[in-house]
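Comments concern the structure below.
What follows draws every value from the coordinates through simple rules; no lab data is involved. From a predicted model like this one, the values you see are computed outputs, not experimental measurements. Glycine gets a Cβ as well: all are built from the backbone with ideal geometry, and neighbour counts include every protein chain shown.
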Amino acid sequence: MDDERFRQAIEVVLRHEGGLSEDVADPGGITHWGISFRSYPHLGGGGIRNLTRDDAIAIYRRDWWERYRYDEIKNLETATWLSTASLGHRQSERLTMSSRGPCCCLPSGPRRRLTIVGSWRKSQS
């Protein structure tokens, strides 16, 4: 189950982060598969450029999924509520909205929050 959840999550990450970027305006520097030189300077520019998809998956699993125990999150509503309690509602909402994409660009207010939760429930079933 947890392995399947990781596989689903990593596919979303790689779909959004995949590809090599050498944008000089990017504060992260050279970035490949979402792995940046700024976060992994020990890999060097060449190491970042030459990262394989499997290398990136191993990094995400070790340094993010396992380190921050994402496998222990059992439902999105609880995770979102915890992020709101930790970050405050505005920052949490910004993160949530940006992660859900255009389907959540609805007017402000409680109705939007209910719509987002409803869309999460649909996507979780």
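FRET efficiency for the pair residue 75 and residue 20, taken as 1/(1 + (r/R0)^6) with r the Cβ-Cβ distance and R0 = 35 Å, rounds to 0.50. Could you compute the FRET efficiency for residue 91 and residue 62, with r as their C-beta to C-beta distance and R0 at 41 Å, rounded to 0.05? The formula returns an efficiency of 0.95 here. Among the chymotrypsin sites (Phe, Trp or Tyr not before Pro) within region 11-88, those in coil by DSSP and having at most 15 neighbouring Cβ atoms inside 10 Å are 68.
The length gained by stretching the chain between residue 12 and residue 49 to full extension, at 0.36 nm per residue less their Cα-Cα distance, is 11.2 nm.
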